[in-house]
Amino acid sequence: MTTFTFDYPHRAEPGQFINVWLPGVNERPMSIAFDDGKAYTISVAAVGEFTKLLGKKKVGDMLGIRGPYGQVFTWKPKQRIAMLAGGYGVAPLYFAASRALKDGCKIDFFHGARSKDHLLFAQHVPKLKNTRYLPATDDGSAGFHGYNVQAWQEELSKGVAYDLVMTCGPEVMMKVVSDRAFEYGIDAQISVERYMKCGFGVCGNCTVDDLGITTCQKGTVMPNETVRKIKEFGKYHRDAVGRKHLY
Amino acid sequence: MADLSVNFCGVTFKNPLVLASGILGITASSWRNVVRNGAGGITTKSLWLNEHQGHPNPVIIANDHYMLNAVGVPDAGVKKAEEEISLFLKKRGASKPPLIANIIAGSVRDYGVIAEEIGRMKPDILEVNISCPNVESEFGTPFACVAGDAARVTKEVKKALKKVAPKLPVTVKLSPNVENIVEIAKAVVDAGADGLTVMNTVGPGMAINIESRTPILANRVGGLSGPSLKPLAVKFIYSIRQALPEIPIIGTGGVLTGEDAIEMMMAGATLVGIGTGVYYRGVEVFGLAAAEMNAWCTANKVKKLSSLIGTVK
């Protein structure tokens with residue numbers, strides 16, 4: 001994974017994204033991984049043609065950036081927050097955590113991955129103050145042996161009372177978070193990601209059934225009350241031509 | 001409350017504001033969301049017979065002055081169209097907001113095939129897109145740019161519908177990028193079109209990022225839209241209305257407000273499409289513009305909005 005820092009302010013809030021353009025190649029939405037008002041960063045994993053080319057960019061190379069777009073994670077001062085991060089979803093939640101801590105929040109960070117080596121940002125998150133770092137790995141190589149939602153469930157069973165839960169990661173994981181939060185009556189904010197093109201609510205590629213709202217504008221971060229009305233959530237998503245793909 | 005309803009080829013709309021083809025409009029739930037936000041009806045994104053890939057990103061750029069797009073008409077083909085259209089028709093509710101199915105193809109023959117397929121799905125109106133400026137690299141000059149080509153497509157569509165939906169009204173979407181739009185309009189009407197949609201995007205145009213010295217759109221060029229194009233659309237609608245007063249028109253091009261829509265109706269439009277307006281005012285643009293039309297009618301003692309159609313001579 002490569003992290004790029006752009007040394008100018010973008011005033012992005014946690015949960016927002018930018019569209020990154022490689023002239024002549026393509027343009028892709030990317031989560032803002034950090035923004036301290038002076039500089040901002042994105043973290044890129046080389047998984048496809050675009051991200052491989054992007055990963056090769058060096059200091060001084062040029063990229064096109066537009067945004068920031070989308071809704072943001074929000075909290076109230078002194079809240080007890082559970083954060084459930086999976087895969088690359090750790091970056092925006094780390095950003096949200098660092099901001100929420102300034103408002104006196106207390107955070108349990110449930111970080112899920114296949115194995116210890118896949119716990120991205122694992123060097124950063126444990127350094128946050130007032131944060132319990134609770135990794136969970138499928139193979140048990142670090143932290144809880146199993147899924148992070150199971151680790152969170154254990155805390156809930158113990159009677160830990162959360163004011164809020166935030167989640168960003170694979171949709172099957174977030175679907176469980178949505179269901180549990182609903183059962184326990186905990187406010188939840190969920191980052192719903194769909195195939196995006198324009199980023200500003202016009203092309204319609206990222207609309208979700210049955211609400212028909214665009215996730216680029218009304219999301220990606222949505223309250224659980226909205227997510228509960230998205231019938232496709234956890235079931236399917238659509239590709240660049242609008243065809244459904246089951247999870 | 002003024003009566004905002006209009007009748008287009010026998011189909012009643014609660015207000016004349018329809019979602020223009022190409023903006024939002026990929027799924028039944030998206031169409032319903034547009035209706036919830038106040039639209040009188042919706043137009044689907046252009047439907048192809050088979051899957052058609054759009055262009056890579058960036059596909060749209062927009063600013064205070066204009067929008068430039070080359071999405072490239074992506075679509076999954078008729079199977080998806082059938083699923084979404086039947087779902088919409090089943091769940092659209094008692095007010096029955098009309099569905100205008102927009103079709104596109106690469107050859108005259110394929111226009112007939114897709115018209116027959118979509119005709120079977122019982123949309124309220126069929127709109128034939130022969131004027132997209134964003135797929136020229138694939139299919140050459142749009143059919144709408146040559147009167148004979150435009151007429152051939154129209155005839156083929158009407159012929160195909162005879163078997164499956166003989167009463168389905170057909171409106172043909174014209175291009176502004178022609179020498180004489182009235183000549184094309186006449187050719188299309190002579191070939192059997194019941195209505196006309198005026199107009200598609202202008203150009204294509206190009207925007208260059210001077211830092212990278214690269215065209216911004218991946219397709220290099222794209223259709224131009226936005227508020228400054230409204231006078232062009234109004235003029236085209238006016239000219240066609242004067243030449244063909246009996247033919248109903250769906251006017252599109254730069255409409256953001258209820259006043260804009262009224263202006264277009266005075267020029268001769270029965271329905272008014274809003275597309276780029278979604279960028280400027282959000283999907284709420286339909287409800288906002290409808291309220292503005294109502295306020296204008298009330299202030300000007302106009303009881304029936306439809307009485308304004310074609311009043312500017």
*Can you find a residue in the stretch B:284-307 that is surrounded by fewer than 18 Cβ atoms within 10 Å (Cβ to Cβ), within 14 Å of chain A (Cβ to nearest Cβ) and not aliphatic (A, V, I, L, M)?*
yes
*asked:* Which of the numbered conditions does A:R180 fail, given that it passes all the others? Conditions: (1) surrounded by fewer than 20 Cβ atoms within 10 Å (Cβ to Cβ); (2) within 14 Å of chain B (Cβ to nearest Cβ).
replied: (2)
*Of these, B:G192, B:G203, which one is small (G, A, S), modelled with pLDDT of 95 or more and not in a helix (DSSP H, G or I)?*
B:G192
*asked:* Return the residues of the stretch A:10-43 that are at the interface with another protein chain (Cβ under 9 Å from one of its Cβ atoms) and out of contact with any helix residue (DSSP H, G or I) (no Cβ under 8 Å at 6 or more places or on another chain); say none if nothing qualifies.
replied: A:N19, A:W21, A:P23, A:G24, A:E27
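Any residue in the stretch B:258-277 that is without any contact (Cβ under 8 Å) to a residue 24 or more places away in the chain and under 16 Å from the mean Cα position of the chain (by Cα)?
Of all residues in the stretch B:258-277, those without any contact (Cβ under 8 Å) to a residue 24 or more places away in the chain come to B:277.
Those still in the list that are under 16 Å from the mean Cα position of the chain (by Cα) too: B:277.
Checked against the condition, which is being without any contact (Cβ under 8 Å) to a residue 24 or more places away in the chain and under 16 Å from the mean Cα position of the chain (by Cα), the stretch B:258-277 yields at least one hit.
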_Cross-chain or 6+ apart pairs with Cβ under 8 Å, the stretch A:82-108 first and polar (S, T, N, Q), then in a strand (DSSP E or B)_ = A:S98/A:F34
*Quick check, is A:G67 more than 14 Å from chain B (Cβ to nearest Cβ) and on the phi > 0 side of the Ramachandran plot?*
no
_Any hit, the stretch B:70-86, residues being crowded, with 24+ Cβ neighbours inside 10 Å, among the small types (G, A, S) and in contact with a Ser or Thr (Cβ under 8 Å, 6 or more places away or on another chain)_ = yes
*For the subset of the stretch B:45-98 comprising residues that are touching a helix residue (DSSP H, G or I) at 6+ places or on another chain (Cβ under 9 Å), among the aliphatic types (A, V, I, L, M) and not in a helix (DSSP H, G or I), which member is nearest to the other protein chains (Cβ to nearest Cβ)?*
B:I60
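Filter the stretch B:249-266 for residues that are in a helix (DSSP H, G or I) and either surrounded by fewer than 19 Cβ atoms within 10 Å (Cβ to Cβ) or in contact with a strand residue (DSSP E or B) (Cβ under 7 Å, 6 or more places away or on another chain) (or both) and give the result. Working first, answer last.
Of the residues in the stretch B:249-266, the ones in a helix (DSSP H, G or I) are B:258-266.
Listed by number, the residues that qualify are B:E259, B:A261, B:M264, B:M265, B:M266.
Do the conditions hold for A:G89, that is, is it more than 21 Å from B:N209 (Cβ to Cβ) and in the same structural domain as A:C168 (by TED's automatic domain parsing)?
On the way: more than 21 Å from B:N209 (Cβ to Cβ): yes; in the same structural domain as A:C168 (by TED's automatic domain parsing): yes.
When the stated conditions are applied, A:G89 passes them.
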*asked:* Six or more apart or on different chains, Cβ atoms under 9 Å: show the pairs whose first residue is in the stretch B:195-214 and charged (D, E, K, R) and whose second is part of a strand (DSSP E or B).
replied: B:E211/A:G64
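Looking only at the stretch B:25-44, filter to residues that are assigned to a loop (DSSP other than H, G, I, E, B) and at pLDDT 95 or above; which one of those is farthest from the other protein chains (Cβ to nearest Cβ)? Explain how you work it out, then say what you get.
So in the stretch B:25-44, the residues assigned to a loop (DSSP other than H, G, I, E, B) come out as B:25-27, B:37-40, B:44.
If we keep only those that are at pLDDT 95 or above too, we end up with B:27, B:37-40, B:44.
Details: B:T27: 6, B:N37: 9, B:G38: 14, B:A39: 12, B:G40: 17, B:T44: 11 Å.
Among them, the one singled out is B:G40.
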*Applying the selection to the stretch A:46-65, what residues are assigned to a loop (DSSP other than H, G, I, E, B), over 21 Å from A:G199 (Cα atoms) and among the small types (G, A, S)?*
A:A46, A:G60
_Only one of B:G282, B:G310, B:G275 that is among the small types (G, A, S), touching a helix residue (DSSP H, G or I) at 6+ places or on another chain (Cβ under 6 Å) and modelled with pLDDT of 95 or more_ = B:G310
*Please state which one of A:A46, A:A82 is hydrophobic (A, V, I, L, M, F, W, C) and within 14 Å of the chain's Cα centre (by Cα).*
A:A82
*What are the residues in the stretch B:29-57 that are crowded, with 24+ Cβ neighbours inside 10 Å and out of contact with any strand residue (DSSP E or B) (no Cβ under 9 Å at 6 or more places or on another chain), if any?*
none
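Condition check ((1) over 27 Å from B:L24 (Cα atoms); (2) modelled with pLDDT of 95 or more; (3) among the hydroxyl-bearing types (S, T, Y)) across all residues:
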{"site": "A:V165", "(1), (2), (3)": "yes, yes, no"}
{"site": "A:G169", "(1), (2), (3)": "no, yes, no"}
{"site": "A:V172", "(1), (2), (3)": "no, yes, no"}
{"site": "A:K175", "(1), (2), (3)": "no, yes, no"}
{"site": "A:G185", "(1), (2), (3)": "yes, yes, no"}
{"site": "A:V192", "(1), (2), (3)": "no, yes, no"}
{"site": "A:T207", "(1), (2), (3)": "no, yes, yes"}
{"site": "A:I213", "(1), (2), (3)": "no, yes, no"}
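Go through B:E179, B:E246, B:E183 for me and flag whichever is among the acidic types (D, E) and in a helix (DSSP H, G or I).
Working: B:E179 fails: in a helix (DSSP H, G or I); B:E246 fails: in a helix (DSSP H, G or I).
Testing whether each residue is among the acidic types (D, E) and in a helix (DSSP H, G or I) leaves just B:E183.
Would you please name the residue that is farthest from the other protein chains (Cβ to nearest Cβ), looking only at residues in the stretch A:202-240 that are of a type outside the set (V, I, T) and touching a Cys at 6+ places or on another chain (Cβ under 6 Å)? Give the derivation first.
Pass one, the stretch A:202-240, residues of a type outside the set (V, I, T): A:203-206, A:209-212, A:216-219, A:222-225, A:228-229, A:231-240.
Pick out the ones that are also touching a Cys at 6+ places or on another chain (Cβ under 6 Å) and you get A:206, A:216.
Working: A:C206: 9, A:C216: 12 Å.
Across the stretch A:202-240, the extreme among qualifying residues is A:C216.
The values are calculated or read from the model by the stated rules, or taken from the named source; none is laboratory data. For clarity, every value in this text was computed on a predicted model and none was experimentally measured. Every residue, glycine among them, receives a Cβ derived from its backbone with ideal geometry; neighbour counts consider all protein chains shown.
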